[in-house]
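The values are calculated or read from the model by the stated rules, or taken from the named source; none is laboratory data. From a predicted model like this one, the values you see are computed outputs, not experimental measurements. Here the Cβ positions follow ideal geometry from the backbone for every residue, glycine too, while neighbour counts run over all protein chains shown. Calculation scope for accessible area: heavy atoms of the full protein, side chains included, ligands and nucleic acids excluded. Shrake-Rupley method; radii C 1.70, N 1.55, O 1.52, S 1.80 Å.
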Amino acid sequence: MIAFKNEWLLFRRSRLGLVMILLLAALAIASVVAGLVEVDRQRAAIERIHPLQKQDVSAIANWVTKTGTAGDAAYFTFHETWDPPSRLAFAALGMRDVSPYLLRVRALGLESQLYDSENYNPELALPGRFDYAFVLVYLAPLFVIALFHDLISGEREAGRLRMLEATPGAGRRLWVRRIGLRYLLLVASLALPLVAGGIVAGAHLQGIAAMVGLTAAYMAFWVLVAWLIGRLNIGSAASAASMAAAWLLLTLVLPALAHVAITRAVPVNQGVELSLAHRDAVHGAWDIPQEKTMAEFFRYHPEWSDTPPTDGTFHWKWYLAFHHVADRSVAPQAQSYRQGLLERDELTRWVGAVLPAVGVQAAFTRLAGTDIQAQLTYQDRIRAYHTRLRTFYYPYLFNDRPFTEADFAKAPVFAPG
Amino acid sequence: MTYHEPSGLPLLIANLVVDYGAHRVLNGLDLSIRPGEIYALLGGNGAGKSTTLAAIMGFVPPASGEVRVCGVAPGSAPVQARRAIAYLPENVALYEHLTARENIQYFLGISSERRTNAEIEAAFNAAGLQEDAFNRRVAGFSKGMRQKVAIALALLRHVPLVLLDEPTSGLDPRATQDFNRLLGGLRERGSAVLMVTHDLLSAADTADRIGFLDAGRIVQESVAEGPDRYDVRALHRHFARPVAA
């Protein structure tokens, strides 16, 4: 205990070490605050959309009730769907900055609506969000380098190493204490802001504990790397350069190469291409005989095949039918797109088993519910809701029932997970 | 520290051979030091002085022969042996951002030892450190002041064996004289001192015996006798002669 207290005194007096720890803590606090602010902003946006949605529906209802046409209601009414951030999302915003967490859908073709978001804010994908996972995965190892690069070589260069080694009780115990203290300070400077953020966000204890555990394990990995390099019996400058090279390799170069390899191994078209294919199918439908489109639609919805046929002029049921047929025509691409994303996710997890930077990032977004799986789950919910929405309008369209103001209230409501 | 060696010797080296790869550095070294004795080991560059210290502290394994520190073989029980040793390198490097007192507390803390402030101050006084330096950061300390801190540490640890590596190199004559007085203090407390040095005059001033190390073994040993202690001219002639092939 005396020895540990003395190590703390030694560390405290070396200004650089203390400044490093305080700087890392400041970065961790800033990232947690930025995460909480972003999550609050997303929650507020979701909250704001509800009254606006009511206003919008009410305005449409005022107009639609004059015609009583269900097709007008189906065409003009956007229905809100949303994916609320989890309590731990503040720590790893993951896909939430580039994929939508709010999507207003119509009963028309879904596929082009799902990927519309890929057409805006692409610049956000470049720098990424400043969140806790970013500070942990990319910045914290630099602080390990700053604190550990001269742990042994610094003593050698100062001429103290032999005197220390000759002191009874030094040797392994001394280094364990020294490394242990720095490690604990590093983990504390990262974990305390994270725990505080978790408490503010009302996150589950298990989730916070898992993230703290990941933080501790990731820092332990980097301390081990620093220790192994430190044992090479090289000077402080060479040690720092070697550690920086290891950082560059393990957090940037190898993950980037792995990303390229995964992208090439599992080619996946962009969602926007799917969206375009869907649009082509929708636009092409105008040139296809109505009976052909309707026959195709009845394959999927035979329950409406006995309803009166269309007469070649415009009818909303034909319009919604060809939208659905367009959805079905790109279904294989949509399935392949989804499958591709899942395969890439699976491969990324394998890479994560070898590259801690990738593994920790993936584990954080998984725990925070902000990974590709969460995005696909939200898409699944939208798909299920969209099906309910279509089938809600079909009886009005195929039975030529008028759509009244009261019917707007009967429309299915999206239920987030 | 209690002596376990039947002979009561803090340091006993018998027929010690140390090799660095194919190169034989110590070649049948015999050396023993009694409690309260100061032994100066002189020798040219590459004679094996530093290796002798390293072997005593258990940093290099002997090819044959033996080293005993208070009866303990440093090679097989280094921690136990080092408990009996205080080592002062040529340049005593302390932690610059700690005060003299904190440095003492730090080094004592490594071996889980604790001393009161009064004990530390008494050791500083015995080592001749000025009172105003006790609580000053050692960053501005001279080599002599740093040595006094290290000697104070040795005094506080009550070690039977003090190893000094070139303690007077770079010291001015007054500081050298101060240091030699300090060695006298260690002798009075019963510590054995092994001083590895190039400084013949300082060795002649303080040492009870002077050994000349050449090619890994002691080739001549002189004992202090009478008021003049040594024939310094004769020692110098021996010290300055060409190294044996």
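Results for (1) facing another protein chain (nearest Cβ under 7 Å); (2) modelled with pLDDT under 90; (3) open to solvent by 10 Å² or more (accessible area, probe 1.4 Å), shown as yes or no for each residue.
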position: A:Ala140; (1), (2), (3): no, no, no
position: A:Phe143; (1), (2), (3): no, no, yes
position: A:Ile152; (1), (2), (3): no, yes, yes
position: A:Arg162; (1), (2), (3): yes, yes, yes
position: A:Ala166; (1), (2), (3): yes, yes, no
position: A:Arg173; (1), (2), (3): no, yes, yes
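Consider only pairs whose beta carbons are under 8 Å apart and that are at least six residues apart or on different chains; among these, list those whose first residue lies in segment A:167-179 and is among the polar types (S, T, N, Q) and whose second residue is in a loop (DSSP other than H, G, I, E, B) and at pLDDT 80 or above.
Once the first residue is among the polar types (S, T, N, Q) and sits in segment A:167-179, its partners that are in a loop (DSSP other than H, G, I, E, B) and at pLDDT 80 or above give A:Thr167/B:Ser111.
Just to check your reading of the model, which residue among B:Arg114, B:Arg68 is more than 18 Å from B:Phe134 (Cα to Cα) and either in a strand (DSSP E or B) or facing another protein chain (nearest Cβ under 7 Å) (or both)? Quick ask: steps written out before the conclusion?
Details: B:Arg114 fails: more than 18 Å from B:Phe134 (Cα to Cα).
It is B:Arg68.
Can B:Glu90 be described as open to solvent by 30 Å² or more (accessible area, probe 1.4 Å), assigned to a helix (DSSP H, G or I) and not hydrophobic (A, V, I, L, M, F, W, C)?
Values: open to solvent by 30 Å² or more (accessible area, probe 1.4 Å): yes; assigned to a helix (DSSP H, G or I): no; not hydrophobic (A, V, I, L, M, F, W, C): yes.
No; evaluated as a whole, the condition is false for this residue.
Looking at (1) within 21 Å of A:Leu389 (Cα to Cα); (2) of a type in the set (Ser, Thr, Tyr); (3) outside any helix (DSSP H, G or I), which is the only condition A:Tyr319 fails?
Result: A:Tyr319 fails condition (3) only.
Does segment B:10-18 contain at least one residue that is assigned to a loop (DSSP other than H, G, I, E, B) and either on the phi > 0 side of the Ramachandran plot or open to solvent by 70 Å² or more (accessible area, probe 1.4 Å) (or both)? Working first, answer last.
Of segment B:10-18, the ones assigned to a loop (DSSP other than H, G, I, E, B) are B:10.
Checking the rest, the ones that are also either on the phi > 0 side of the Ramachandran plot or open to solvent by 70 Å² or more (accessible area, probe 1.4 Å) (or both) come to none.
Checked segment B:10-18: no residue is assigned to a loop (DSSP other than H, G, I, E, B) and either on the phi > 0 side of the Ramachandran plot or open to solvent by 70 Å² or more (accessible area, probe 1.4 Å) (or both).
Have a look at A:Val105, A:Val19, A:Val98, A:Val39 and point out the one that is of a type in the set (Val, Ile, Thr) and within 14 Å of another protein chain (Cβ to nearest Cβ). Explain how you work it out, then say what you get.
On the way: A:Val105 fails: within 14 Å of another protein chain (Cβ to nearest Cβ); A:Val98 fails: within 14 Å of another protein chain (Cβ to nearest Cβ); A:Val39 fails: within 14 Å of another protein chain (Cβ to nearest Cβ).
Of A:Val105, A:Val19, A:Val98, A:Val39, the one residue that is of a type in the set (Val, Ile, Thr) and within 14 Å of another protein chain (Cβ to nearest Cβ) is A:Val19.
Do we find that A:Ala158 is within 14 Å of chain B (Cβ to nearest Cβ) and of a type in the set (A, V, I, L, M, F, W, C) in this structure? Step through it out loud before you land on a result.
On the way: within 14 Å of chain B (Cβ to nearest Cβ): yes; of a type in the set (A, V, I, L, M, F, W, C): yes.
Spelling it out, A:Ala158 is indeed within 14 Å of chain B (Cβ to nearest Cβ) and of a type in the set (A, V, I, L, M, F, W, C).
Scanning segment B:97-107 for residues that are at the interface with another protein chain (Cβ under 8 Å from one of its Cβ atoms) and within 23 Å of B:Leu164 (Cβ to Cβ), which turns out surrounded by the most Cβ atoms within 10 Å (Cβ to Cβ)? Give the derivation first.
Kept after step one, since they are at the interface with another protein chain (Cβ under 8 Å from one of its Cβ atoms), are these residues of segment B:97-107: B:97-98, B:102, B:105-107.
If we keep only those that are within 23 Å of B:Leu164 (Cβ to Cβ) too, we end up with B:98, B:105-107.
Values: B:Leu98: 21, B:Gln105: 22, B:Tyr106: 22, B:Phe107: 26.
Here the answer is B:Phe107.
Mind telling me which of the residues A:Val268, A:Val272, A:Val225, A:Val260 ends up being modelled with pLDDT of 90 or more and under 20 Å from the mean Cα position of the chain (by Cα)? First the steps, then the outcome.
Numbers: A:Val268 fails: modelled with pLDDT of 90 or more; A:Val272 fails: modelled with pLDDT of 90 or more; A:Val225 fails: under 20 Å from the mean Cα position of the chain (by Cα).
Answer to the check: A:Val260.
Tally time: how many residues in segment A:3-25 are free of Cβ contacts under 8 Å to residues at least 24 places away in the same chain and either in a helix (DSSP H, G or I) or in contact with a strand residue (DSSP E or B) (Cβ under 7 Å, 6 or more places away or on another chain) (or both)?
The initial filter retains those residues of segment A:3-25 that are free of Cβ contacts under 8 Å to residues at least 24 places away in the same chain, namely A:5-6, A:9-10, A:12-15, A:18-19.
Imposing the further condition that a residue be either in a helix (DSSP H, G or I) or in contact with a strand residue (DSSP E or B) (Cβ under 7 Å, 6 or more places away or on another chain) (or both) reduces the set to A:5-6, A:9-10, A:12-13, A:15, A:18-19.
Total satisfying the criteria: 9.
Can you name every residue in segment B:108-122 that is open to solvent by less than 60 Å² (accessible area, probe 1.4 Å) and charged (D, E, K, R)? Don't jump to the end; show me each part of the working.
We begin by selecting, within segment B:108-122, every residue open to solvent by less than 60 Å² (accessible area, probe 1.4 Å); these are B:108-111, B:113, B:115, B:120, B:122.
Scanning segment B:108-122 gives B:Glu113, B:Arg115.
Residue check: is B:Arg82 within 11 Å of another protein chain (Cβ to nearest Cβ) and crowded, with 19+ Cβ neighbours inside 10 Å?
So B:Arg82 fits the description; yes.
Please determine, by comparing only the residues of segment A:45-74 that are buried (at least 16 other Cβ atoms within 10 Å of the Cβ) and under 30 Å from A:Gly197 (Cα atoms), which one is modelled with the highest pLDDT.
Taking the candidates together, the pick is A:Ile46.
Restricting attention to segment A:293-328, which residues are modelled with pLDDT of 90 or more, among the hydroxyl-bearing types (Ser, Thr, Tyr) and either farther than 18 Å from A:Ala107 by Cβ or open to solvent by 40 Å² or more (accessible area, probe 1.4 Å) (or both)?
Hit for segment A:293-328 is A:Tyr300, nothing else.
Within segment A:157-171, can one find any residue that is hydrophobic (A, V, I, L, M, F, W, C), under 28 Å from A:Ala362 (Cα atoms) and assigned to a helix (DSSP H, G or I)?
Here is the first cut: in segment A:157-171, the residues hydrophobic (A, V, I, L, M, F, W, C) are A:158, A:161, A:163-164, A:166, A:170.
Next, from what is left, pick out any that are under 28 Å from A:Ala362 (Cα atoms): none.
Looking for residues that are hydrophobic (A, V, I, L, M, F, W, C), under 28 Å from A:Ala362 (Cα atoms) and assigned to a helix (DSSP H, G or I), one finds none in segment A:157-171, hence no.
Filter segment B:159-194 down to the residues that are within 14 Å of chain A (Cβ to nearest Cβ) and within 9 Å of the chain's Cα centre (by Cα) and list them by number.
Filtering segment B:159-194 down to residues within 14 Å of chain A (Cβ to nearest Cβ) leaves B:159-167, B:169-170, B:194.
B:Leu161, B:Val162, B:Leu163, B:Leu164, B:Asp165, B:Glu166, B:Pro167, B:Leu194 - these are the residues of segment B:159-194 that are within 14 Å of chain A (Cβ to nearest Cβ) and within 9 Å of the chain's Cα centre (by Cα).
Yes or no: A:Pro402 in contact (Cβ under 8 Å) with a residue 60 or more places away in the chain and either in contact with a Lys or Arg (Cβ under 8 Å, 6 or more places away or on another chain) or open to solvent by 30 Å² or more (accessible area, probe 1.4 Å) (or both)? Give the derivation first.
On the way: in contact (Cβ under 8 Å) with a residue 60 or more places away in the chain: yes; either in contact with a Lys or Arg (Cβ under 8 Å, 6 or more places away or on another chain) or open to solvent by 30 Å² or more (accessible area, probe 1.4 Å) (or both): yes.
The answer is yes for A:Pro402.
Somewhere in segment A:246-261, is a residue aromatic (Phe, Trp, Tyr), open to solvent by 50 Å² or more (accessible area, probe 1.4 Å) and out of contact with any strand residue (DSSP E or B) (no Cβ under 7 Å at 6 or more places or on another chain)?
Pass one, segment A:246-261, residues aromatic (Phe, Trp, Tyr): A:247.
This time we only want the ones that are open to solvent by 50 Å² or more (accessible area, probe 1.4 Å), so: none.
Among the residues of segment A:246-261, not one is aromatic (Phe, Trp, Tyr), open to solvent by 50 Å² or more (accessible area, probe 1.4 Å) and out of contact with any strand residue (DSSP E or B) (no Cβ under 7 Å at 6 or more places or on another chain), which makes the answer no.
Quick one: would you say A:Gln42 is at pLDDT 90 or above, polar (S, T, N, Q) and open to solvent by less than 50 Å² (accessible area, probe 1.4 Å)? Write out each step before concluding.
Details: at pLDDT 90 or above: yes; polar (S, T, N, Q): yes; open to solvent by less than 50 Å² (accessible area, probe 1.4 Å): yes.
Against the criterion (at pLDDT 90 or above, polar (S, T, N, Q) and open to solvent by less than 50 Å² (accessible area, probe 1.4 Å)), A:Gln42 qualifies.
Kindly check whether there is at least one residue in segment B:141-152 that is in a loop (DSSP other than H, G, I, E, B) and touching a residue at least 12 places away in the same chain (Cβ under 8 Å).
yes
Within segment B:209-235, which residues are crowded, with 18+ Cβ neighbours inside 10 Å and acidic (Asp, Glu)?
B:Asp214
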